[in-house]
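Visitor: First the structure, which I've put down as structure tokens, then a few questions once you've had a look.
The values are calculated or read from the model by the stated rules, or taken from the named source; none is laboratory data. All of these numbers come straight from a predicted model, not from anything done at the bench. In case anyone asks, the SASA skips ligands and DNA or RNA and just uses the protein heavy atoms, side chains included. Shrake-Rupley method; radii C 1.70, N 1.55, O 1.52, S 1.80 Å.
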Amino acid sequence: AGELRYMAENELGIVGDPNGAVLIADDPFGFRLDDDDGPARMLEWMNEREPRLVVIDPFRDFHALEEKDDGGMNRLLRPRQRWAKTHESAVALIHHTRKQLPGQREVLSAEDMRGTGALFGICDGALVLTPLKGGEITIDAQFRRGAKWRRTLKLAAYGQSAVPGMERRDA
């Protein structure tokens with residue numbers, strides 16, 4: 001949690017009061033969206049702080065429901081979706097896809113998310129990252145409104161390449 005706060009405040013330049021610029025749940029097991037009071041407590045925090053972005057990472061650590069439970073996922077996420085739209089903010093869920101098959105250079109998409117299709121139905125969009133060999137990563141983007149797109153980036157940080165930052169090449 002401390003590393004995430006440091007990165008957000010110092011490397012990404014998020015500015016605010018020292019105790020409120022970045023709020024991080026350092027123990028996801030101390031707060032669960034499926035606890036009796038979990039959803040109400042989270043909405044209270046969001047109303048009090050009015051964040052522009054809420055990140056739940058990884059989503060799996062914040063509930064004990066079966067990922068294929070359509071109704072359960074809707075109960076957990078719809079109030080946060082409604083809050084984000086009302087407050088012109090965003091909620092980002094970090095979620096996982098099915099496992100890649102060994103030895104295949106397959107690029108995953110939103111259809112490959114684990115669990116119920118209700119997850120993608122609740123989202124306004126999805127960015128699916130697929131690591132490839134040679135320091136490349138493909139981003140497959142799908143949105144409710146707007147065109148789908150796919151880009152492959154060659155990561156070039158920490159001396160992995162002569163080019164600082166990253167290079168973009170279309171997939």
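Visitor: When all protein chains stay in place, what accessible area (Å², nearest 10, 1.4 Å probe) is found for LEU53?
Guide: That residue has around 100 Å² of solvent-accessible surface.
Visitor: When the Kirkwood hydrodynamic radius is evaluated over all pairs of different C-alpha atoms of region 77-131, what value in angstrom, to one decimal, is obtained?
Guide: Over region 77-131, the inverse of the mean reciprocal pair distance is 12.7 Å.
Visitor: Rounded to whole Å and sorted largest first, what semi-axes of the equivalent ellipsoid does the C-alpha gyration tensor of region 68-161 yield via the square root of 5 times each eigenvalue?
Guide: The answer is 28, 17, 12 Å, longest axis first.
Visitor: Which residues' amide hydrogens lie under 5 Å from the amide hydrogen of THR97, considering only partners 5 or more residues apart or on another chain, with H built in the peptide plane?
Guide: Residues meeting the amide H criterion: ARG114.
Visitor: Per residue, how much accessible area does region 48-137 have with a 1.4 Å probe, in Å²?
Guide: Details: 5330 Å² over 90 residues.
For region 48-137, the solvent-accessible area averages 59 Å² per residue.
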